[in-house]
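Any read-out appearing in this document is the output of simple, stated calculations on the displayed coordinates, not a laboratory observation. Predicted, not measured: the structure shown is a model, and the values here were computed from it. Here the Cβ positions follow ideal geometry from the backbone for every residue, glycine too, while neighbour counts run over all protein chains shown.
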């Protein structure tokens, strides 16, 4: 029996929340509505959803601070977060991604775009990669236990950065364009800009620390992971 994906909608405007909920139900999802951060936390403590739709502007804690908080807890860290925002400027979008959101959608949005983005983040979460281990120089990744270490020291990566690193390490020394990375790491038909890849690569480098230099920018072409960085 196919399970119905649960979507936690964190939105303080009842009319918008109801519109989203109706469309989700009609398209095979189970929406759960929370009006603010406290209500959302209660829902998360009870049952983890498959994806979180999180409004940026909320009473009390903002969506940005909630995303940061949920990304620091092991239980909620793997749940994809789709940030809903009226802020369309690139710096605001990047701030949302840096806070831990997997994607963002700007108001006003169409039902079809919302559904496409939800399906996209759910596809990203689907276990497409084998539970194998990969080693590149002193960098080690174990997909089965979700662990990454460099020179014996454990590193903490978010779910998208982990998947991106896994792909880079499995295809080391090759140059990958942003479009190729979107297809291979995020999945086909994902409605996000190629600029999103740059943000996640930046976050991956920061998480890798000294090993971050192994992820090289190839000017005009994309990115490459190498055991022998030039700089």
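Residues 166, 26, 171, arranged from fewest to most other Cβ atoms within 10 angstrom of their Cβ, appear as 26, 171, 166. One chain, two ends: residue 142 and residue 180. Fully extended at 0.36 nm per residue, the span grows by 11.3 nm beyond their Cα-Cα distance.
What does the helix-only formula give at 222 nm for the chain: each DSSP H stretch with n ≥ 4 adding -39500 (n - 2.57), the total divided by the residues, and the result rounded to the nearest 500 deg cm²/dmol?
Details: 8 runs with 87 residues, N = 231.
It comes out at -11500 deg cm²/dmol, rounded to the nearest 500.
Pairs of Cα atoms nearer than 8 Å and 6+ residues apart set the relative contact order; for the chain it is 13 percent.
Counting every other Cβ atom within 10 Å of each residue's Cβ, 174, 75, 6 order from fewest to most as 75, 174, 6.
Ranking 22, 51, 10, 134 by Cβ neighbours within 10 Å, fewest first, what do you get? If you can, show how the numbers build up before the last one.
Numbers: 22 12, 51 23, 10 27, 134 17.
Result, fewest neighbours first: 22, 134, 51, 10.
As a size descriptor, the averaged projected area of the C-alpha convex hull of the stretch 133-225 was calculated at 5.6 nm². Does the stretch 105-184 come out rounded, prolate or oblate by the C-alpha gyration tensor, with a ≥ b ≥ c the root eigenvalues, rounded set by a/c under 1.5 and, if not, prolate when a/b is larger than b/c and oblate if not? Prolate shape, in that a/c is at least 1.5 and a/b is the bigger ratio. With each label point set 7 Å from Cα along the Cα-Cβ vector, what nm distance links residue 19 and residue 133? Computed distance between label sites residue 19 and residue 133 equals 5.2 nm. The angle separating the long axis of helix 14-26 from the principal Cα axis of greatest extent in the chain is about 70 degrees. Gyration tensor over the Cα atoms of the chain: the corresponding equivalent ellipsoid has semi-axes (square roots of 5 times the eigenvalues, largest first) of 32, 18, 17 Å. Computed from Cα atoms, the angle from the helix 63-72 axis to the main principal axis of the chain rounds to 50 degrees.
Helix 37-46 sits at what angle to the longest principal axis of the chain, using alpha carbons and giving 0 to 90 degrees rounded to 10? That works out to roughly 70 degrees.
Under the √(5λ) rule applied to the eigenvalues of the Cα gyration tensor, what semi-axes describe the equivalent ellipsoid of the stretch 1-83? Give them in Å, descending. Walk me through the intermediate numbers first.
Details: eigenvalues 75, 54, 18 Å².
Result for the stretch 1-83: semi-axes of 19, 16, 9 Å.
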